[in-house]
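The values are calculated or read from the model by the stated rules, or taken from the named source; none is laboratory data. All values reported here derive from a predicted model rather than from experimental measurement. Methodologically, a virtual Cβ is constructed for each residue, glycine included, from the backbone with ideal geometry; neighbour enumeration extends over all protein chains shown.
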Amino acid sequence: MNNLNTSAVDLRAQVTCPHCWHKFPPDEVLWIASHSDLTGDPMLPAENQRFLPTRFTVQGHAIDVKGGVCEHLACPNCHLNLPRVFLEMSPLFVSIFGAPFCGKSNFLTAMTWQLKTSLRTNFHLDFADKSPLANQFLGQNHTKLFNNPQEEDLVIIDKTQQAGELYQPVNMKGGQRVLLPRPLVYSISPDKGHHAFDPARPRNPLSRVLCLYDNAGEQFLPGGESSTQPCKHLAVSKVRLFLFDPTQHPKFRRAVVAKAKDPDPQFMQSKYLYPQDQVLAEGALRIRNYLETPLAQSEKIPGQLVVLVSKFDSCQALCRRKRLFEVPVIRKLPDGASVMDLEALKAVSDDVRGMLGEHAGEVINEAESSFQEVIYIPVSAFGRSPQQDVERPDMFLIRPKDVHSQWTEVPMLYALHKVAPRVVPIGQRQLNVVPGEENRGRWKETG
Ligand SMILES: Nc1nc2c(ncn2[C@@H]2O[C@H](COP(=O)(O)OP(=O)(O)O)[C@@H](O)[C@H]2O)c(=O)[nH]1
Ligand SMILES: [Mg+2]
Ligand SMILES: [Zn+2]
């Protein structure tokens, strides 16, 4: 018997768990008992038991053995809570990796904040939080940086802990205790105004459930992974975001300090100086190990690698083309819809690649020898340098009022375009003569 009420929505034929990436048909999904007597799941001792139901209410909710009406679902393999949206939308897994201190947590905070505010206005896409409990840490960071009532106070986003908020302990079958990364889950679906929106179809086939994984950077230092803390999500993801931090790279340090009048104080810190090409190499190695169909050593990893030059505010002086963030990669069309200008984005990528080539050629080499498709995108979570803490010189603080994120949503727009081109359309760049008296003889770019 099918253990879900399927009348309201079409279910996917196969569901992928965002915690352990186990694939299963929807009728194997477990329910989480709601009755207070049913505590202590064998795999998650602090939580209520999981079960395969035989009784349902007329609304389609499962009834547990003590008569409790249940609402929440769980994965049959790891027993963690499975947001219902995974049964309905195809997932887009995106993992973020990079050396410790490269700016992952701040980038993730700024990216999700910018997506919350610009996907709807620019692209008529609904961006909804689908796992409020898991996303709550990010919510605290949003408040700190972007919605802070004390906008003059110096703040810092706490360093990601190896265990804790981003990892969930599970006693797997067979007794092994593992820490699974906690995904951030959002749905992205066409809304009124989007060319693919159809009010008669509540489940738009273009909708995606976005699962993002932040990681403590230590995991990506060679040898940093343990079997109890897998990062298989790198292999499951079709898009991987590698953050390169110019402030910890020796040649960038020398070049910026020689050229900039007031270099970012991070160029002078001495605690975080990781060889970033090795972090990238380690990431590529893990992906190869975890891929379902093994690759020959000579084969490149399929899918996208997006190399993000994080903290780009700190090194933009080294770039041949100035003011890269002003390049209009998102363009509004006369009908109010927006498109991504892929050509402009690729031109920016070439400029950033040129800058990396001059100072950190080993990173380009590692990226392009391991991955089939690589693009280089500059981002800045703050839009400016933070301030060094007087008492703790390896801590850097920022005032919320000074935060002006630059381009942090662009990598995700690019990722969405790659997996679902109709969700984020691209503009064709054409030069057309615009008719009309006042425009006679003038060229205008059209979308
Ligand atoms: N100049 C500059 N510094 C940044 C930016 N984003 C983060 N940082 C600094 O980089 C440090 C490490 O950032 P964090 O996000 O904690 O890195 P993680 O360890 O990779 O998660 C922080 O102390 C920030 O002050 C940025 O956009 N520009
Ligand atoms: Mg972090
Ligand atoms: Zn699972």
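A few notes on this one:
- A residue that is surrounded by 14 or more Cβ atoms within 10 Å (Cβ to Cβ), modelled with pLDDT of 95 or more, of a type outside the set (D, E) and away from ligand 3 (no atom under 16 Å from the Cβ) occurs somewhere in the stretch 146-153.
- Every condition in (1) at pLDDT 85 or above; (2) within 12 Å of ligand 1 (Cβ to nearest atom); (3) within 24 Å of F86 (Cα to Cα); (4) not β-branched (V, I, T) is met by A110 except one, and the failing one is (3).
- All positions within the stretch 241-267 that are charged (D, E, K, R) and more than 28 Å from the chain's Cα centre (by Cα): K251, R254, K259, K261, D262
- The set of residues from the stretch 268-315 being buried (at least 21 other Cβ atoms within 10 Å of the Cβ) and among the aromatic types (F, W, Y) comprises just one member, F312.
- Failed item, numbered, when V363 is tested on (1) farther than 30 Å from D262 by Cβ; (2) among the β-branched types (V, I, T); (3) at pLDDT 95 or above: (1)
- Test set (1) modelled with pLDDT under 85; (2) of a type in the set (S, T, N, Q); (3) within 16 Å of ligand 3 (Cβ to nearest atom) - N135 fails condition number: (3)
- Selected residue (criterion: surrounded by the most Cβ atoms within 10 Å (Cβ to Cβ)) from residues of the stretch 170-200 that are under 22 Å from the mean Cα position of the chain (by Cα) and either free of Cβ contacts under 8 Å to residues at least 12 places away in the same chain or not in a strand (DSSP E or B) (or both): P183
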